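Trainee: Mind having a look at this structure? Questions to follow.
The values are calculated or read from the model by the stated rules, or taken from the named source; none is laboratory data. Please read all numbers here as calculations on a predicted model, not as lab measurements. Cβ placement follows ideal geometry from the backbone for every residue including glycine, while neighbour counts extend to all protein chains displayed. What goes into the accessible areas is simple: the full protein's heavy atoms, side chains included, and nothing from ligands, DNA or RNA. Shrake-Rupley method; radii C 1.70, N 1.55, O 1.52, S 1.80 Å.
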Amino acid sequence: MAMYEEGRTVLCGANAYEKKYYFNHAFDSVPDSVKDELHVICVLFTEEVGGIFTIEFEKDGGISMRTEYAEDDFLYDEVSSGLLVGEIRRKRREMFETLSLYYRIFVLHEKAGDLLDEEA
């Protein structure tokens, strides 16, 4: 699994500089429809804003979105980046909540019943 030093695990990402998309195969059991949606989100983000965009699992199972850009990338739009991350978070809230539950159950091995009780 691709992990950062902070304990985050990369789910997927796109790189505008290399024109590449990455999906962490440790999560191949995620439904194809969700994988397709993640692919579209990542690629469209980098097409619109530029840079590198990743969707990651936090240590506790939460979802975070990270953007980076090259120092010499004067076309990268930080303002649009922040606005687009907020829009993605709002519009895809349910999908991210479901992915978080998936991670907590299948990776962190938390009990599904306990998690569903938390949600109630």
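Trainee: Compute the acute angle (0 to 90°) between the alpha-carbon long axis of helix 93-106 and the principal axis of greatest extent of the alpha-carbon atoms of the chain; round to the nearest 10°.
Mentor: So the helix axis and the longest Cα principal axis differ by about 60 degrees.
Trainee: Sticking with this one: Expressed as a whole percentage, what fraction of the accessible surface of the chain belongs to carbon and sulfur atoms when a 1.4 Å probe is rolled over the protein heavy atoms?
Mentor: Details: 3970 of 7500 Å².
Here carbon and sulfur together make up 53 percent of the probe-accessible area.
Trainee: Solvent-accessible area per residue for the chain at a 1.4 Å probe radius, Å²?
Mentor: The answer is 62 Å² per residue.
Trainee: Could you work out the local net charge near S33, counting Lys and Arg as +1, Asp and Glu as -1, over the other residues with Cβ closer than 15 Å to its Cβ?
Mentor: -3
Trainee: Just to confirm the number: angle between the C-alpha axis of helix 32-48 and the first principal axis of the chain, 0 to 90 degrees, nearest 10?
Mentor: Tilt of helix 32-48: around 30 degrees.
Trainee: Quickly estimate the mean residue ellipticity at 222 nm for the chain, helices only: each DSSP H run with n ≥ 4 gives -39500 (n - 2.57), and the total goes over all residues, rounded to 500. Present the calculation step by step, with values, prior to reporting the outcome.
Mentor: Values: 4 runs with 53 residues, N = 120.
Calculated from helices alone, the mean residue ellipticity at 222 nm is -14000 deg cm²/dmol.
Trainee: Could you tell me how many degrees, from 0 to 90 and to the nearest 10, lie between the Cα long axis of helix 78-91 and the main elongation axis, the longest principal axis, of the Cα atoms of the chain?
Mentor: That helix lies at roughly 30 degrees to the long axis.
Trainee: Here's something else I'd like to know. At a temperature of 25 °C and a viscosity of 0.890 mPa s, determine how fast the chain diffuses translationally according to Stokes-Einstein, using the Kirkwood radius over alpha-carbon pairs as Rh; express D in µm²/s, rounded to the nearest whole number.
Mentor: Values: Rh = 15.1 Å.
After rounding, the answer is 163 µm²/s.
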